[in-house]
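Undergrad: Provided herewith is a single structure, encoded as structure tokens, for subsequent inquiry.
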Amino acid sequence: MSPAGPGPQAEAVIDLDAYRANLSALAAVASDAALMAVVKADAYGHGLAPMVRAARDGGTDWIGVATPAEALAVRATGDTGPILCWLAAPDEDLAAAVAADVEVTASSVEQLEQIVAAGGRPRTQLKVDTGLARNGAFGADWSRLVESAAAHQGAGRLEITGVWSHFACADQPDHRANDEQEQVFVRAVDELQAAGIEPRWRHLANSPATLTRPSAHLDLVRVGVASYGIDPVATVDHGVPLTPVMTLRGRLAAVKRVPAGTGVSYGHTFTTDRATTLGLVPLGYAEGIPVTGSGQLSGGFAGDRIAQVGRVCMDQIMVDLGDRDARRGDVVTLFGPGQDGEPTANDWAAAAGTIGYEIVTRVGGRVVRTYRGAP
Ligand SMILES: Cc1ncc(COP(=O)(O)O)c(C=O)c1O
């Protein structure tokens, strides 16, 4: 059987129904909290505008992005709902973001001044570093940030709407850092309240914490990877149904029969041990296929699992089709929901020594995105 069919030669099929269903399942597991759909980095490679629309249509309360530019890109889709961003450049003019009702996060007094400088009594959130050692005010800097925020709010120059932090080890539910971070967060919020600030939104949970730590749900959960159907705690039986949203596939650009002993791709890292049919799939590392997965990846073809062989090239990879009937134009599914022989993004991550987040986020280059499901 040859699953031939028309379509782009390299395609990421995005299932919007699956995305909405994942968001609903995540909202249900954190039903006392509001839900933020994290769509930074072009919605983890899924394409910003359709994911924002699907999330809002599904009733998502908040959209979360890293940079103010991403937040403005969300606004450019016509979105008018609550948005939070958390990664502004030191010298960035935040006036446009503030004017567009984007809530910007301050991790330091300097950033708070930058937000105030935008004018217009901006709604602002404060980030405390509870143990990730990434962004957020740490230790005595948190006290300084609280003091400054109280002064600015008292003078009517801004409104503090939220306080939040981010987990370091939530994908290891038993890691002691998780409890410690929650405790530091509680103390940080106490300090804020003691300074007279009562933020409406306290939030800490990413996808793994949403799935495994009800104590961290608080007022809002920020879900990224799980909403795209990539389970960040796949070994934990959390009972939340998640369906991979992206299916990456390519149409065979060439098919050839080769004898045993044929060296395949650069460096001949793979040699056929029998006569076989090789297929050329027109996606390579320019499309985000991980070179570290060379010879370890797999795909799905006509319901079967097939091996990717030899080194990943810039524009193409080779697959070993064995004695299957295959023709130019037939579709090879590189990863997807895993329901038709193909591996999942998490399977690819394991094979390439990376994480599922990176597998989907790096999909790009010449890949055409097509969307399925109700718009
Ligand atoms: C601040 C912040 N919150 C939430 C998320 C979403 O994390 P996840 O994809 O694990 O749900 C991210 C992504 O890394 C983030 O940077």
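Undergrad: Given GLY81, GLY131, which one is at pLDDT 95 or above, of a type in the set (Gly, Ala, Ser) and in contact with a strand residue (DSSP E or B) (Cβ under 7 Å, 6 or more places away or on another chain)? Working first, answer last.
TA: Working: GLY131 fails: in contact with a strand residue (DSSP E or B) (Cβ under 7 Å, 6 or more places away or on another chain).
Criteria check complete, one pass: GLY81.
Undergrad: Of the residues ALA150, ALA170, which single one is farther than 17 Å from GLU110 by Cα and not β-branched (Val, Ile, Thr)? Spell out the reasoning first.
TA: Values: ALA150 fails: farther than 17 Å from GLU110 by Cα.
After applying the criteria, what remains is ALA170.
Undergrad: Could you please let me know if GLN181 is within 17 Å of SER108 (Cβ to Cβ) and crowded, with 16+ Cβ neighbours inside 10 Å? Let's see the steps before the verdict.
TA: Numbers: within 17 Å of SER108 (Cβ to Cβ): no; crowded, with 16+ Cβ neighbours inside 10 Å: yes.
No, not satisfied.
Undergrad: Take LEU72 and decide whether it is open to solvent by 50 Å² or more (accessible area, probe 1.4 Å), in contact (Cβ under 8 Å) with a residue 24 or more places away in the chain and in contact with a strand residue (DSSP E or B) (Cβ under 8 Å, 6 or more places away or on another chain).
TA: Values: open to solvent by 50 Å² or more (accessible area, probe 1.4 Å): yes; in contact (Cβ under 8 Å) with a residue 24 or more places away in the chain: yes; in contact with a strand residue (DSSP E or B) (Cβ under 8 Å, 6 or more places away or on another chain): yes.
Yes: the conditions hold for LEU72.
Undergrad: Right, something else. Among the strands (runs of 3 or more DSSP E) contained in segment 264-338, which hold 3 or more residues that are without any contact (Cβ under 8 Å) to a residue 40 or more places away in the chain and open to solvent by 20 Å² or more (accessible area, probe 1.4 Å)? Outline the logic, then answer.
TA: Numbers: elements: 276-281, 298-301, 304-309, 317-322, 331-335.
In segment 264-338, 304-309 are the strands (runs of 3 or more DSSP E) which contain 3 or more residues that are without any contact (Cβ under 8 Å) to a residue 40 or more places away in the chain and open to solvent by 20 Å² or more (accessible area, probe 1.4 Å).
Undergrad: I want to confirm something. Restricting to segment 43-69 and keeping residues that are crowded, with 20+ Cβ neighbours inside 10 Å and hydroxyl-bearing (Ser, Thr, Tyr), which single residue is nearest to the ligand (Cβ to nearest atom)?
TA: Checking each candidate, the answer is TYR44.
Undergrad: Just give me the residues in segment 28-42 being within 11 Å of the ligand (Cβ to nearest atom) and closer than 25 Å to PHE335 by Cβ, in sequence order.
TA: Passing the criteria: ALA37, VAL38, VAL39, LYS40, ALA41.
Undergrad: So, in segment 96-114, of the ones that are over 30 Å from ASN178 (Cα atoms) and part of a helix (DSSP H, G or I), which residue ends up least open to solvent (accessible area, probe 1.4 Å)? Walk me through it before giving the result.
TA: Within segment 96-114, the subset over 30 Å from ASN178 (Cα atoms) is 96-101, 113-114.
Next, from what is left, pick out any that are part of a helix (DSSP H, G or I): 96-99, 113-114.
Values: ALA96: 56, ALA97: 3, VAL98: 21, ALA99: 87, GLU113: 81, GLN114: 32 Å².
Filtering segment 96-114 for residues that are over 30 Å from ASN178 (Cα atoms) and part of a helix (DSSP H, G or I), the one least open to solvent (accessible area, probe 1.4 Å) comes out as ALA97.
Undergrad: Kindly provide the set of residues from segment 119-144 that are farther than 22 Å from ALA168 by Cα and buried (at least 20 other Cβ atoms within 10 Å of the Cβ), ordered by number.
TA: Result: PRO122, THR124.
Undergrad: Still on this structure, I have one more. Out of all the residues in segment 79-94, which are surrounded by 15 or more Cβ atoms within 10 Å (Cβ to Cβ) and away from the ligand (no atom under 15 Å from the Cβ)? Show your work before the answer.
TA: Step one: filter segment 79-94 for residues surrounded by 15 or more Cβ atoms within 10 Å (Cβ to Cβ), giving 79, 82-88, 92, 94.
Matches in segment 79-94: ASP79, GLU92, LEU94.
The values are calculated or read from the model by the stated rules, or taken from the named source; none is laboratory data. None of the values given here were measured: they were computed from a predicted structure. Using ideal geometry, Cβ is built from the backbone for each residue, glycine included, and neighbour counts are taken over all protein chains shown. The area values use the complete protein model at the heavy-atom level, side chains included, leaving out ligands, DNA and RNA. Shrake-Rupley method; radii C 1.70, N 1.55, O 1.52, S 1.80 Å.
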